[in-house]
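To start, the structure itself, in structure tokens.
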Amino acid sequence: MGSGQLARMFCLEAIPYGYEVQVYSPERNSPASAAGAKETVAEYEDENALNSFLRRINALTFEFENIPEIALSTIEKFSEKNGLPVHPSPNCIRIAQNRWKEKNTFVRAGIPTVNFYPVFEEKDKADVLSRTKYPCILKTNTMGYDGKGQIKCKNENELAQALSSLEKLDHIVEEFFPFSEEASVIFARFSDGEVSYFQPSKNVHTNHILDLTFHPGNFPEAVRKRLIEYARKLAETIDYVGVFGIEFFLKDGEILCNEFAPRPHNSGHFSQNAGTLTQFSLQLRTLCGLPVPKAEGLPTNKVVMKNILGEDYKPGSTLWNRALGNPHYHLHLYGKTEARNGRKMGHWNYNGPEPERAFSDWL
Ligand code: ADP
Ligand code: MG
């Protein structure tokens, strides 16, 4: 489900293994189709088109969690009736696409998270205004990504104003956590319960969008272990099968979980040049019942990933040519023609001798 860059990079793994990939989304000439996927172009709400797509495939996975409920329940019913393997399960997608469910799942799993409050009805407004600590962030409950649908509020006045500007009340308020670092773990769980993961990475966001990932992140041993244990707890609590990326805020040894994505994650793209399996290969393996890698924690080399947003998309520039002339820089473009500001166009991976310096002078 979905045909953007994550589906494209899945194709680049699955096709050499001999699989045929079919993608379903409303977009024609998608990033995935340019990498060899057969496209079904239809709305997610189109039950007939979706059912006939499901009849043509042998296993289903997602590159994208913002799939309407009608599509999830169609998939669920089809899978129950016809035994189609669907990984992760529609229930895991329902949790990940809804911040309220997601954060309550963390609480249930014993994974620490920021304080959060519901804004679903008029009467919740007074409640949240009196309970939350400032600064805080008002976030859409569903359909948010790359910082979209978020309003940061410094005090009660600002929150009151932000709340009154909402057209629809499906939101949460989160207390702002003044983290010193952000981390993520890419974690895979197989249908027999076996797991495999990458060591935690350190992430740097700019304007709420991921800019850099340093892999592996240089964390104290106790922090490294807890990050992996939280990922494992989440996977077991919701009986997750497939790959997910889970994001954390860190400060002085304190760890709070921010969110998880029920699919390969932008912060896992380092794996394409880390000298081991990639996150897409793990997605393929968990989906198709291929053997489980022998090592739980996959051995990797050091990699730094830098995202290319629309405004950084500069083919032919001196900067790009210098990187392309260095054998440690690897370019991964997503096949998007229109380079809009803030749009993810591709990424660079650097796996050479001075990872800290790889992008330090890039603007
Ligand atoms: P999205 O779904 O758009 O990725 P996130 O909740 O991950 O939304 O927010 C994007 C980024 O914004 C985070 O990685 C972090 O840098 C910042 N951010 C979000 N929520 C908080 C918070 N409660 N405290 C501090 N920073 C936050
Ligand atoms: Mg995020």
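Some observations on this one:
- For the peptides 56-67, 94-105, the ranking by mean Cβ contacts within 10 Å, running from highest to lowest, is 94-105, 56-67.
- Separation of the stretch 281-305 from the stretch 131-186 is 34 Å, based on Cα centroids.
- By average C-beta atoms within 10 angstrom, highest first, the peptides 250-259, 182-191: 182-191, 250-259
- Helix runs (DSSP H) in the chain reaching 18 Å along axis by Cα, Kyte-Doolittle at least 0.5: none
- Gain upon complete extension [Glu69, Thr276; 0.36 nm per residue less C-alpha separation]: 70.9 nm
- Evaluated at q = 0.06, 0.07, 0.09, 0.11 Å⁻¹: base-10 log I(q)/I(0), Debye formula over Cα of the chain: -0.22, -0.30, -0.51, -0.78
- For the pair Ala222 and Glu296, a Förster radius of 22 Å applied to the C-beta separation gives a FRET efficiency near 0.75, rounded to the nearest 0.05.
- Segment Tyr145-Arg56, extension gain: residue separation times 0.36 nm, minus the distance between their alpha carbons: 29.0 nm
- Approximate spin-label separation Leu84-Glu43, in nm, with each point projected 7 Å along Cα-to-Cβ: 2.0
- Amide hydrogen neighbours beyond the local backbone of Glu194, cut-off 5 Å, H modeled: none
- Per-residue accessible area (protein heavy atoms, 1.4 Å probe) orders Arg357, Arg131, Arg226 as Arg357, Arg131, Arg226, starting from the largest.
- Other residues whose C-beta falls under 13 angstrom from the C-beta of Phe78 contribute a net charge of +1, scoring Lys and Arg +1 and Asp and Glu -1.
The values are calculated or read from the model by the stated rules, or taken from the named source; none is laboratory data. The structure presented is a predicted model; accordingly, all values stated were derived computationally and were not measured. Cβ coordinates were reconstructed from backbone atoms using ideal geometry, including for glycine residues, and neighbour counts include every protein chain displayed. Keep in mind that these areas ignore ligands, DNA and RNA; they rest on the heavy atoms of the full protein, side chains included. Shrake-Rupley method; radii C 1.70, N 1.55, O 1.52, S 1.80 Å.
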